[in-house]
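The values are calculated or read from the model by the stated rules, or taken from the named source; none is laboratory data. These figures come from a predicted structure and were not determined experimentally. We place every Cβ from the backbone using ideal geometry, glycine too, and count neighbours over all the protein chains shown. Keep in mind that these areas ignore ligands, DNA and RNA; they rest on the heavy atoms of the full protein, side chains included. Shrake-Rupley method; radii C 1.70, N 1.55, O 1.52, S 1.80 Å.
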Amino acid sequence: METVDLLLTNALVMTMDEQYNLYEPGAVAIQGDSIAGVGSEAEIRQRFNAPQVIDCGGKVLMPGLVNAHTHVPMTLLRGLADDLRLDVWLMGYMMPVEREFVSPDFVRLGTKLACAEMIRSGVTSFADMYYFEEDIAAATAEVGMRAVCSQSVMKFPTPDARFYEESLASTRDFIQRWKNHPLIVPSVAPHAAYTCTPEILRASAALAVEFDVPLHTHISETNLEVENMRAEQGMPVVPYMKKHGLFEAKVLSAHCVHIDEGEMRSLQHSGSGVAHCPSSNLKLASGIAGTKRMMELGLNVGIGTDGPASNNDLDMFEELRLTAFLAKGSTGDPTALPARTVLTMATRLGAKAMHIGHLTGSLEEGKRADLILIDLNPLHNSPRFRRDPHSAYAQVVYAAKATDVSDVMVNGQWLMRAHKLLTVDETDILRGAADYAHKIDIFLLRRETSIVSKLVAIGGAMQAESFEIQAKIRIQCSDPVMDGLKQPGIEILRFRHYRQFDTYFTFEEPGQGHLRYREDQFINEKGESTSVRSRLTLIGVVSEHRFPQRVLLSRSRYLAPATQSLRFYREYFKPASALEIEKDRLRYTIRYKDTEFYVNVDSVQKPALGCFLEIKSSTWSLKDAETKSALVGELITMLGADSSETITEDYFELARYA
Ligand SMILES: [Zn+2]
């Protein structure tokens, strides 16, 4: 007779091992952090005795659920912005807020909130990917959960690194410090093919191989990602990652929504695990992953919640059900992914996908004691049929709820007993989270009231406060302005011809000015359009000063290259109205009396406003503006325009009252 620390008896023991052994009544013997024996109660009582024996009252005793992909600190951003397109959500909200708020303190609090939530829903292990991952590891270990903690690396500046070299260096330190921790497996996470350079992919793989730790990444989450990859590299994402050495490492690939059969085989051959994230893929309308085929090919497919900002919870019971239903609904085959298979994905296979299958994922002698108790007798799960013992799998997957989990143990330590959390103080966490939500609300409210700060928030190179001296004169389209430009004293430095498509956004509050999205299409001598450039300009409402001959000093407050689509800006800025103006522009850059001017001859076609001569020069002081305005007056005369036809409105204003 062997003496162990603890016996759990009188349970329906669902081992989730390779043979799918079920024992009822079954028992589990626990010694230290590990499982010493699993079997029928009679057998276990014969082999072991223990100072402590717990009667499980007929509940299901099974391995804890494995959340194979998440970003735990994002619990603090849950519900911040929803029902948006991925780019608006990510670039307009998540990234600006992350840049402002994500810190070691933020990630520790968010991690604790996530751990408390996950323990309550029966999760014992998870695979994370975020910034300040060492703080996430520390908070997770403090709570007592098991995790693969992957430090993000990407080509952009992040809250914890200005350059990717810094991320890689800190990841190396993190791995060295945590390599042999009993709960934490440190790991490196090149974020995705489209957010990393080939050098980042290679360096990350080399680091993972050097320390024999997993590598965690996102693969083919959206169709757009795959289309772009095919267009730029002539291949889909998996071969591209392979070309850059990624699969030399033990990889955990999140999403894999848009991969073909060849890519599935390639992942299988390389021993890469997949994290299927059904809620996130549905909420962000990314698509439905081919999990049925992946399972047929023998891939280790786990299930993940993804970050709580795109889900919005960490409830694995919901993911279990969605995994089964999506596979059935999308293949038209109700026998696809039966309950037992789905539960295997959320336990043993998930652990294998995370490359910690030797430690956890099933109740087997020698594995760590990571287990949960589930009550299968509440109203929503009654009655119970005993004819086929396997019907218990369907009860867990199709009817059980996260709140039916009563007890959770990780590494031999209880984290929850009879629904009471033992290692986290929920009150403290809730207070801390509410504090952050309040601060983030204020940050976003301030931003929402000012178009300028909304512009700044989405980043890129912003050039502030450019002043311009300008005159605009209505002319006949047949006026010989071009002949005027040939006069002595005027030197033409450059000439360009283009079509301009302007969209002016106006806002409820007139003081905001208007925002112009401009697309320039350059036209060559043959009349062909050669290249396109897009810019954003925030234009102030009033002219700053008027000079004789109605020459204006006006300012544009911000200029930026428009890196996103017009559709993005429309959804992000939510203007009260939008107006489109199209014109053909001949732009001459000239020198007159040692001063550079732009001379534009515009033909405004939509709406049909006719032709205009515009003379402009940028300026930085009122004195300089005075000198230039006199020169503009001279040029108006030299170019044969009638200065009494000078107008003081922009095309935008003209079009509004046309
Ligand atoms: Zn993710």
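Restricting region 115-133 to residues that are touching a helix residue (DSSP H, G or I) at 6+ places or on another chain (Cβ under 6 Å) and within 12 Å of the ligand (Cβ to nearest atom) leaves a set whose member that is nearest to Met145 (Cα to Cα) is Asp128. The set of residues in region 128-138 being small (Gly, Ala, Ser) and either buried (at least 23 other Cβ atoms within 10 Å of the Cβ) or without any contact (Cβ under 8 Å) to a residue 24 or more places away in the chain (or both) consists of Ala137 alone. Within region 23-44, the residues that satisfy the criterion of being surrounded by fewer than 22 Cβ atoms within 10 Å (Cβ to Cβ) and in contact with a helix residue (DSSP H, G or I) (Cβ under 7 Å, 6 or more places away or on another chain) are Pro25, Gly37.
Any residue at all in region 162-176 that's in a strand (DSSP E or B) and crowded, with 19+ Cβ neighbours inside 10 Å? No - not one qualifying residue is present in region 162-176.
Restricting attention to region 290-309 and to residues that are open to solvent by 10 Å² or more (accessible area, probe 1.4 Å) and small (Gly, Ala, Ser), the residue that is farthest from the ligand (Cβ to nearest atom) turns out to be Gly298. Scanning region 133-158 for residues that are part of a helix (DSSP H, G or I) and of a type in the set (Gly, Ala, Ser) yields Ala137, Ala138, Ala139, Ala141. Among the numbered conditions (1) more than 22 Å from Val396 (Cβ to Cβ); (2) within 16 Å of the ligand (Cβ to nearest atom), the only one that Gly350 does not meet is (1).
Looking at region 204-285, the helices (runs of 4 or more DSSP H) lying wholly inside it that each contain 2 or more residues that are farther than 21 Å from Val188 by Cα sit at 223-233, 261-269, 278-283. When Val397 is tested against (1) more than 30 Å from Leu109 (Cβ to Cβ); (2) under 32 Å from the mean Cα position of the chain (by Cα); (3) free of Cβ contacts under 8 Å to residues at least 60 places away in the same chain, only condition (3) is not met. Does Ala231 satisfy the condition of being modelled with pLDDT under 95, within 16 Å of the ligand (Cβ to nearest atom) and open to solvent by 10 Å² or more (accessible area, probe 1.4 Å)? For Ala231, the condition - modelled with pLDDT under 95, within 16 Å of the ligand (Cβ to nearest atom) and open to solvent by 10 Å² or more (accessible area, probe 1.4 Å) - is not met. For region 603-632, residues that are without any contact (Cβ under 8 Å) to a residue 60 or more places away in the chain and under 20 Å from Glu649 (Cβ atoms) total 6.
Can you pull out the residues in region 310-332 that are hydroxyl-bearing (Ser, Thr, Tyr) and open to solvent by 40 Å² or more (accessible area, probe 1.4 Å)? Selection gives Ser330, Thr331.
Keeping to region 206-224, report how many residues are crowded, with 21+ Cβ neighbours inside 10 Å and within 22 Å of the chain's Cα centre (by Cα). Of the residues in that region, 8 qualify.
Quick check on region 51-85: of everything there that is open to solvent by 60 Å² or more (accessible area, probe 1.4 Å) and either touching a strand residue (DSSP E or B) at 6+ places or on another chain (Cβ under 6 Å) or on the phi < 0 side of the Ramachandran plot (or both), which residue is nearest to the ligand (Cβ to nearest atom)? Checking each candidate, the answer is Arg78. A Cβ distance below 7 Å, combined with a sequence gap of six or more or placement on separate chains, defines the contacts here; from region 206-232, residues that are farther than 13 Å from Ser150 by Cα and of a type in the set (A, V, I, L, M, F, W, C) reach residues that are more than 16 Å from the ligand (Cβ to nearest atom) and open to solvent by 80 Å² or more (accessible area, probe 1.4 Å) in the pairs Val209/Glu248.
Scanning region 234-247 for residues that are surrounded by 15 or more Cβ atoms within 10 Å (Cβ to Cβ) and on the phi > 0 side of the Ramachandran plot yields a single hit, Gly245. Restricted to region 492-598, the set of strands (runs of 3 or more DSSP E) holding at least 3 residues that are surrounded by 15 or more Cβ atoms within 10 Å (Cβ to Cβ) comprises 514-523, 529-539, 551-561, 577-592. Restricting attention to region 148-163, report how many residues are more than 19 Å from Pro198 (Cα to Cα) and without any contact (Cβ under 8 Å) to a residue 40 or more places away in the chain. Adding up the residues that qualify gives 1. For residues that are more than 13 Å from the ligand (Cβ to nearest atom), closer than 18 Å to Val405 by Cα and in contact with a Ser or Thr (Cβ under 8 Å, 6 or more places away or on another chain), tally how many sit in region 310-322. Result for region 310-322: 6.
Between Val209, Val257, Val226, Val213, the distinction of being hydrophobic (A, V, I, L, M, F, W, C) and within 16 Å of the ligand (Cβ to nearest atom) belongs to Val257 only.
For region 86-107, the set of residues classified as buried (at least 19 other Cβ atoms within 10 Å of the Cβ), modelled with pLDDT of 95 or more and part of a helix (DSSP H, G or I) consists of Phe106, Val107, listed by residue number. When Gly329 is tested against (1) within 16 Å of the ligand (Cβ to nearest atom); (2) among the small types (Gly, Ala, Ser); (3) assigned to a helix (DSSP H, G or I), only condition (1) is not met.
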